[in-house]
Structure formats: C-alpha cells, structure tokens
Amino acid sequence: MESRTSAPGAEGGARRQRLIKGVPLPYIRVCQGPGRRLLSSLAPEPGEWILRADGELELAGDPPRPLAEGEVVVPRLHRLIALLRAEAHSVVIDCYPTDYACMAFDEDGVSLANVVSFSPEEAALRALLFIRAERAAHEPAEG
C-alpha cells in the first residue's frame with residue numbers, strides 16, 4: 001500500500017495523519033470497520049476508491065465494476081452528504097484548525113449528529129452511521 005503523511009501547512013495546521021493514495025488512514029479504517037455493512041451495499045461510482053479484501057485501494061473506473069466479496073466503497077464527500085441528506089433535513093461540514101465536524105439536524109433544528117474527526121469524509125460517515133444506528137435502536141421490533 002502506497003502511503004504518505006500529511007503535513008501541517010496551508011490547510012491551517014491540520015493534524016499529521018497517514019494517507020493511503022491520498023485517503024486518510026483513519027477514514028479507511030472506519031470504512032472497513034463500522035462502515036463495512038453500509039459501504040459494501042453501495043455500487044461504486046467512477047472516481048471513488050474501492051477497498052479490496054486484501055486492504056489495497058483500487059480506483060473505480062468508468063463504468064465501475066461491481067464490488068467483489070469482502071470489498072467496500074470508500075465514498076467521496078459529496079456522496080456521503082447525499083446519503084446524509086436522505087436522513088437529515090440539513091447537514092453542516094465545519095473546518096477547525098485541527099479537525100472537521102459534521103452536524104446533522106432534522107426539520108425542527110434538532111441535532112441528529114455532531115461528530116468531530118480527522119477528515120470531512122470520516123466525520124460525515126461517522127455522522128451517517130450514528131444517525132442510522134439511533135434510528136434502528138428506536139424502531140419497534142418486528143415480530
């Protein structure tokens with residue numbers, strides 16, 4: 001796996017973090033861990049990364065190939081926001097000197113999620129997973 005470390009600079013002194021093909025390692029870990037179930041059900045879009053079962057990243061072509069067993073999509077931020085918008089009335093991505101935040105609200109302005117992470121993609125994915133988990137926990141048991 002090709003990797004490098006991002007350095008503080010023009011982006012306001014963001015925390016140093018390991019990147020794999022330009023994708024922050026903490027985001028990859030969320031994709032292959034808590035996000036696996038959701039992200040293995042998505043069809044890759046051209047230009048998105050596919051995390052293969054062997055841990056390598058592969059760029060989805062045009063047209064993208066279907067996911068194989070054990071693979072997940074590593075979605076771009078615009079796709080995560082679209083998925084969040086299906087769950088929340090409004091979504092805010094905020095940039096701090098060392099972190100990113102994703103906040104999601106319902107129609108009444110009630111907070112559904114408020115997540116701080118290393119990258120905007122990780123924050124958005126964690127917010128989406130949190131909202132879906134909360135909804136699932138509050139759904140009546142089917143019987």
- Query: Once phi is turned into θ = phi - 60°, what whole-Hz ³J(HN,Hα) does the Karplus curve with 6.51, -1.76 and 1.60 give for every residue of the stretch 110-121, x standing for Gly and Pro?
  - Reply: 7, 5, 9, 7, 8, 10, 10, 8, 6, 9, x, 5
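Hey, with R₀ at 30 Å, roughly what FRET efficiency would V110 and A82 work out to, going by the Cβ-Cβ distance, to 0.05?
Numbers: r = 21 Å, r/R0 = 0.71.
Once the sixth-power term is evaluated, E becomes 0.90.
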- Message: If I build a Gaussian network model for the chain, linking alpha-carbon pairs within less than 10 angstrom, which residue out of I50, I28, I20 has the largest mean-square fluctuation?
- Response: I20
- Options (1) 37, 19, 10; (2) 25, 22, 13; (3) 32, 20, 14 for semi-axes √(5λ) of the Cα gyration tensor in Å; the value derived from the coordinates is listed as (2)
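Values quoted throughout were computed directly from the atomic coordinates according to the rules given, and no laboratory measurement underlies them. As the structure is a prediction and not an experimental result, all values here were calculated from the model. Neighbour counts are summed over all protein chains in view; Cβ atoms, including those assigned to glycine, are modelled from backbone coordinates with ideal geometry.
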